Structure formats: C-alpha cells, structure tokens
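The values are calculated or read from the model by the stated rules, or taken from the named source; none is laboratory data. Keep in mind the model is a prediction, meaning the values are calculated, not measured. Glycine gets a Cβ as well: all are built from the backbone with ideal geometry, and neighbour counts include every protein chain shown.
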C-alpha cells in the first residue's frame with residue numbers, strides 16, 4: 001500500500017475522484033463511488049452515510065488500483081468485473097462485449113413473445129456473455145435455450161453467468177458460428193434471437209478507444225461490409241424455426257437494416273419481415289422476422 005493513501009471513506013473518495021478527473025473520465029464522482037462500493041461490497045447509501053469509516057490497506061490499495069485502470073481508459077465494467085443487464089448483474093471480462101441498452105431492448109421484445117407462448121425452446125446466436133439467453137430463461141422458467149457462439153472463451157463466460165443465475169440446467173452451449181454446424185433439430189425452435197458483429201472491418205479503428213482497445217474484436221467485426229454473419233444466419237437459422245416462429249435481429253441501424261432485408265430476400269425465402277423497430281435513440285435498429293406457415 002502506498003504511503004499517504006487516505007484511510008477514511010471520505011478521503012479515499014476525494015483521491016479517486018481526482019484520479020478519475022485527471023484521466024478525463026466523464027462522471028468521475030459517480031465512477032469513483034462505484035469502484036469503492038464494488039471493492040467494499042456495499043451500497044452507495046452506505047458509502048454516503050459513513051464518511052469517517054476507516055478502510056484496510058488492502059481495500060484502499062485495490063480501490064486505487066482499479067481507479068487508475070479506469071482513468072487509463074479501461075471500461076468500468078471490465079474494471080469492476082460485472083455489468084447490470086435488465087436488473088441482473090452479469091460477470092464480464094475482455095472475453096465478451098459489455099451488454100448495451102440496445103440489447104436490453106432487443107431482449108425485451110423477445111421476452112414479450114415468450115410471455116405469450118406456453119413453453120418450448122429458443123436459440124440465442126452470438127451469445128457472448130449469455131445476457132440474452134440467461135435473462136430470457138430466468139424470466140421464462142418453462143423455456144430451454146441454446147446459447148451459440150464461435151468463441152470458446154465467450155461461451156465459458158456465458159456458462160458462468162447461467163450458473164450464477166441458476167439457469168445452467170436449461171441452456172445448451174454450442175460452439176460454432178455457421179448454423180449449418182449446429183446440432184439443433186430442424187423446426188424445433190419457438191424463437192431465435194441474434195445480436196451479431198455488425199461493424200465493417202474498416203470502421204473498427206474509428207471506434208472510441210475504450211471499445212476498440214478493450215472489447216473483443218471478433219464480437220465487433222462483421223467483415224468487409226459488416227454483414228458477413230447476417231448472411232450465415234439468414235441462410236441457416238430458418239431451418240431450425242417452427243412455422244410461424246419469430247427471428248429477432250439487432251443491427252447497426254440506419255441503412256444496414258435495408259441491406260439485411262435485401263440479403264434475406266435472396267437467402268431466406270421462408271422468412272417474412274414483420275416489423276422494423278427503433279431503439280431508445282430513435283435509430284432504426286431491430287428487425288422481427290416470421291417464418292412462413294406451410
């Protein structure tokens with residue numbers, strides 16, 4: 001522990017705020033408090049009500065170390081090791097993307113469908129941390145899921161989150177990208193959902209540094225035009241869907257929606273585009289397809 005590091009809660013808060021401000025963190029006060037709360041495993045209310053409480057050298061040293069990582073540009077979710085997704089805490093690290101608000105909206109759309117269906121199974125493609133599959137299983141106990149990802153490391157993270165939330169026994173984890181290689185029975189799924197990599201390779205370098213330098217490239221890079229994984233999914237996923245079953249996609253928004261629709265017209269004649277929906281920033285981002293009835 002460094003000499004002179006403050007021992008009280010109030011002094012440590014002041015130090016971490018300065019570290020954050022020096023690192024040009026956008027919300028230095030809030031993020032400093034979140035780091036201290038994470039290290040101490042307490043609420044912010046506890047923190048605010050006990051300014052004179054003294055902390056151990058170990059806790060103070062860890063809080064300062066984490067604050068310096070954050071000030072150096074590392075995303076707060078990776079610094080803390082978790083992120084909140086639809087009210088649940090998910091373990092995250094640099095093996096997976098940090099869950100976004102847009103994906104919370106996608107999950108909410110899918111949850112609305114499952115709530116109207118008695119029981120069954122669905123697939124979450126490009127599952128990453130498992131936030132979609134785990135959330136939907138936790139909120140819909142009569143459903144089982146397939147969590148599919150091309151990254152072995154990401155699936156390990158998804159499995160950890162499934163265990164954390166008590167739904168691992170209802171999720172089958174499959175390592176693959178192309179649906180052709182997936183061991184899922186034809187016409188067995190009541191729904192499929194996917195948030196694929198959709199950023200064109202040439203645009204990766206233009207992302208903000210805390211995304212570009214820390215989040216896994218394979219979960220961001222959608223190939224030359226950003227649409228490579230959509231082509232795979234639209235060719236392969238419809239065969240797993242029951243007639244009338246929905247397929248939910250998240251996209252990069254804007255013109256990419258029209259491009260995905262053009263791919264589907266060529267590659268997935270058994271699908272009908274039912275809805276295109278906007279996210280919280282009014283960006284046209286989500287697509288709902290329905291497999292045609294026979």
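Values computed for the structure shown
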| item | result |
| --- | --- |
| Residue list for region 73-107, filter: in a strand (DSSP E or B), out of contact with any helix residue (DSSP H, G or I) (no Cβ under 7 Å at 6 or more places or on another chain) and closer than 21 Å to residue 155 by Cβ | 82, 89 |
| Pair list, Cβ under 8 Å, 6 or more apart: region 259-280 residue in the same structural domain as residue 229 (by TED's automatic domain parsing), other residue assigned to a loop (DSSP other than H, G, I, E, B) and buried (at least 16 other Cβ atoms within 10 Å of the Cβ) | 259/227; 260/227; 260/251; 263/227; 279/253 |
| Any chance residue 19 is outside the structural domain of residue 218 (by TED's automatic domain parsing) and more than 30 Å from residue 290 (Cβ to Cβ) | yes |
| Selection from region 247-257 of residues that are surrounded by fewer than 23 Cβ atoms within 10 Å (Cβ to Cβ) and not in a loop (DSSP other than H, G, I, E, B) | 255, 256, 257 |
| Conditions (1) in the same structural domain as residue 278 (by TED's automatic domain parsing); (2) outside any helix (DSSP H, G or I): number failed by residue 26 | (1) |
| Residues of region 121-135 that turn out to be touching a strand residue (DSSP E or B) at 6+ places or on another chain (Cβ under 6 Å) and either free of Cβ contacts under 8 Å to residues at least 60 places away in the same chain or part of a strand (DSSP E or B) (or both), as a count | 10 |
| Qualifying residue in region 179-190 (condition: outside any helix (DSSP H, G or I), free of Cβ contacts under 8 Å to residues at least 12 places away in the same chain and surrounded by fewer than 17 Cβ atoms within 10 Å (Cβ to Cβ)) | yes |
| Residues located in region 217-246, provided they are part of a loop (DSSP other than H, G, I, E, B) and under 18 Å from residue 176 (Cα atoms) | 220, 222, 223, 227 |
| Among (1) buried (at least 20 other Cβ atoms within 10 Å of the Cβ); (2) closer than 14 Å to residue 125 by Cα; (3) in contact with a strand residue (DSSP E or B) (Cβ under 6 Å, 6 or more places away or on another chain); (4) without any contact (Cβ under 8 Å) to a residue 60 or more places away in the chain - the single one residue 197 does not satisfy | (4) |
| Residues of region 58-72 that turn out to be more than 12 Å from residue 39 (Cβ to Cβ) and part of a helix (DSSP H, G or I), as a count | 4 |
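Every residue, every condition in (1) touching a helix residue (DSSP H, G or I) at 6+ places or on another chain (Cβ under 7 Å); (2) more than 19 Å from residue 237 (Cα to Cα), yes or no:
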| site | (1), (2) |
| --- | --- |
| 129 | yes, yes |
| 156 | no, yes |
| 171 | yes, no |
| 176 | no, no |
| 179 | yes, no |
| 193 | yes, no |
